[in-house]
1. Counting only other chains, what is the mean number of Cβ atoms within 10 angstrom of the Cβ of each residue in peptide D:71-83?
2. Does anyone have the angle between helix D:119-131 and the longest principal axis of chain D? Alpha-carbon axes, 0 to 90°, nearest 10?
3. Kindly work out what percent of the DSSP beta bridges joining two residues of the stretch D:11-118 are antiparallel, to the nearest 5.
4. Using a 10 Å cut-off around each Cβ of peptide C:139-149, what is the average number of partner chain Cβ atoms that fall inside?
5. If we count other beta carbons within 10 Å of each Cβ, what is the order of A:38, B:163, D:125, fewest first?
6. Helix B:158-173 versus the longest principal axis of chain B: what angle, 0 to 90°, nearest 10, using Cα atoms?
7. Going by average Cβ neighbours within 10 Å, how do the peptides A:105-118, C:92-105 rank, with the highest at the top?
8. Using a/c under 1.5 as the rounded threshold, could you call the stretch D:1-80 rounded, prolate or oblate? The axes a ≥ b ≥ c are square roots of the C-alpha gyration tensor eigenvalues, and prolate needs a/b larger than b/c, oblate otherwise.
4 protein chains.
Amino acid sequence: MIKIIVGTNRKNSVSEQISLQYQQLLEQMKVASELIYLSELPDDFVFTALYENNGKNHAYNKVHEQVKSGTKYVFVVPEYNGSYPGILKSFIDGMTYPNSFRHKKCALVGISSGVGGGSIAMSHLTDVFHYLGMHVLAFKPRLAKIEENMSGNLLTNRLYLDLLREQAELLVSF
Amino acid sequence: MIKIIVGTNRKNSVSEQISLQYQQLLEQMKVASELIYLSELPDDFVFTALYENNGKNHAYNKVHEQVKSGTKYVFVVPEYNGSYPGILKSFIDGMTYPNSFRHKKCALVGISSGVGGGSIAMSHLTDVFHYLGMHVLAFKPRLAKIEENMSGNLLTNRLYLDLLREQAELLVSF
Amino acid sequence: MIKIIVGTNRKNSVSEQISLQYQQLLEQMKVASELIYLSELPDDFVFTALYENNGKNHAYNKVHEQVKSGTKYVFVVPEYNGSYPGILKSFIDGMTYPNSFRHKKCALVGISSGVGGGSIAMSHLTDVFHYLGMHVLAFKPRLAKIEENMSGNLLTNRLYLDLLREQAELLVSF
Amino acid sequence: MIKIIVGTNRKNSVSEQISLQYQQLLEQMKVASELIYLSELPDDFVFTALYENNGKNHAYNKVHEQVKSGTKYVFVVPEYNGSYPGILKSFIDGMTYPNSFRHKKCALVGISSGVGGGSIAMSHLTDVFHYLGMHVLAFKPRLAKIEENMSGNLLTNRLYLDLLREQAELLVSF
């Protein structure tokens with residue numbers, strides 16, 4: 001069961017759409033997966049689930065348990081202000097010790113409106129995950145100028161879809 | 001008026017204490033400064049001040065205005081999970097366009113319980129600030145093993161204090 | 001006198017061409033500049049100018065003196081294998097102590113054949129320069145797909161030329 | 001056969017000594033390994049084995065073949081000027097296409113005289129290897145203040161030795 005984490009809490013995000021398409025790619029490969037939404041975190045978790053409240057917020061814990069039970073992850077990461085969304089890091093900052101990612105494996109997908117494709121965001125996130133002891137698949141597709149490569153809510157750029165498929169196959173055998 | 005930003009919302013944080021001592025160093029140099037607390041952000045700002053709510057949360061805006069009115073900043077940045085605190089990035093993710101840091105200047109102070117001194121955290125933050133067009137002072141003290149270098153709530157390591165003083169002088173003339 | 005460093009020793013490099021055009025932009029602003037070529041380093045400098053030979057290789061020292069006498073720099077940095085060229089770092093590894101960049105200022109220009117524009121290369125180089133105490137201009141143009149944006153040996157993409165001009169102006173007043 | 005790459009060409013380097021001790025740890029685990037020395041590269045390879053000379057320098061090719069024939073690597077990486085040694089990147093810049101590291105696996109060991117332990121150097125190198133499609137073990141020991149933790153030519157700090165042993169075991173099963 002691969003956990004696909006939508007890397008933002010923005011409503012109706014492109015990241016969610018890409019995550020859904022990623023799930024379909026995995027389905028075609030007969031691999032089960034589940035989406036995890038940061039938008040389901042309690043609104044105030046940054047103040048009620050960290051530090052002295054670590055582990056005490058039930059609504060946070062619910063999402064955290066979903067994450068914790070996985071062994072392989074896909075993180076769909078939109079570029080915000082030149083890096084990953086703050087909420088994704090805050091979610092990680094709320095995890096209890098020993099951390100939930102140690103010795104596990106993940107794949108990163110970068111998304112941007114601009115030309116960067118989230119390469120710096122993925123570099124930063126790799127540092128964080130390596131710090132936590134989680135392996136990161138070397139192959140990290142950068143989906144730049146994402147809006148120009150979608151039709152309605154669907155990613156239509158064939159190269160991008162091929163990159164995601166290639167990554168999904170690598171993740172399954174990682 | 002230099003704005004000193006306490007880089008976490010943790011209560012009674014070491015970062016707050018270091019920020020207060022930084023302010024004293026500036027006072028000794030006859031330079032005015034003001035502390036800005038991320039802990040004063042509204043608890044739910046990650047859900048109520050970003051994206052479609054950008055600029056609409058009055059309590060967020062209050063802290064944002066404090067930041068926006070500055071031209072020089074000190075960021076006191078504790079290392080959480082190998083990078084900067086997520087809340088600091090979420091605060092930035094809520095800033096309105098054009099961003100409040102463009103063409104301004106800042107200094108970074110890294111803090112860690114472990115031996116790293118927040119060097120990776122400051123590298124990541126530098127990427128974000130450069131993306132936003134804010135200059136970052138090259139000299140970035142790394143206050144490692146911070147607990148061992150404090151006495152009560154006071155930083156007592158003389159080398160660390162000298163580093164902060166040197167940085168403060170560089171920032172004033174930056 | 002701004003020193004423009006061609007960030008590779010590749011013959012007839014695009015980086016050299018961009019450096020020459022950068023010099024012209026500075027000329028139009030009545031600002032003197034000089035190109036420095038890593039290709040003029042002695043072929044074996046990585047083995048004869050570093051460590052126990054530090055400061056002893058006259059041909060290396062000649063280029064080093066050219067660099068050392070400057071106070072402001074432009075580094076034109078092509079992306080090789082996802083980062084800056086190794087030779088640029090080896091040149092830095094040969095500098096004598098105290099390093100030649102401390103308290104000086106520089107601007108970075110990233111170049112790539114692919115879509116990245118050297119953003120990771122410039123992030124890495126920023127870390128190195130900050131370590132050495134040199135300030136780095138926040139504004140770092142990324143000239144992606146460079147071959148498609150040149151006509152013969154000339155950069156013709158107007159946006160790219162505007163970015164370089166904007167950066168040159170910022171560097172002069174930095 | 002694990003290839004252990006001494007990440008510098010400095011003579012009698014600490015990195016070489018650590019590499020030899022790493023080999024002994026692997027021997028104790030009945031795992032064969034081989035040291036590869038960048039110091040055996042031809043002195044002028046940065047000028048005679050890259051770009052238009054790519055693949056044409058026999059002495060470079062000899063070292064390159066040693067590397068290419070491996071599938072798992074340990075890189076012992078001393079921190080020079082806040083990042084990895086330039087020569088290591090230049091060696092990579094001379095590799096022929098398709099690159100020799102794609103879909104392979106490596107472990108990184110950071111070494112520093114100062115307190116950093118090469119964390120930024122390893123972050124940069126991870127970016128490069130991920131760009132090239134090589135997986136990097138998440139666990140990256142940082143051997144800070146290395147001189148204080150050696151006795152003669154031998155690493156004697158037990159914690160450091162345990163970290164290397166733990167990494168070696170992880171690499172074998174990676």
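1. Values: counts 0, 0, 0, 0, 0, 0, 0, 0, 1, 8, 11, 11, 10.
Mean shielding count: 3.
2. Once rounded, the angle reads 40 degrees.
3. On the way: 1 of 8 bridges.
Bridges in the stretch D:11-118 are about 10 percent antiparallel.
4. Values: counts 5, 3, 0, 3, 0, 3, 1, 0, 0, 0, 0.
That works out to 1 on average.
5. Working: A:38 21, B:163 17, D:125 26.
Lowest count first: B:163, A:38, D:125.
6. On a 0 to 90 degree scale, this one is about 50.
7. Working: A:105-118: 22.5, C:92-105: 16.9.
Answer by packing, highest mean first, reads A:105-118, C:92-105.
8. Working: a/c = 2.92, a/b = 1.62, b/c = 1.80.
Oblate is the answer for the stretch D:1-80, as a/c is 1.5 or above yet b/c matches or exceeds a/b.
Where a number appears in this text, it was derived from the coordinates with a stated rule and is not lab data. Computed from a prediction, not measured in an experiment: that's the story for all the values here. Note that we place each Cβ from the backbone using ideal geometry, even for glycine, and neighbour counts take in every protein chain shown.
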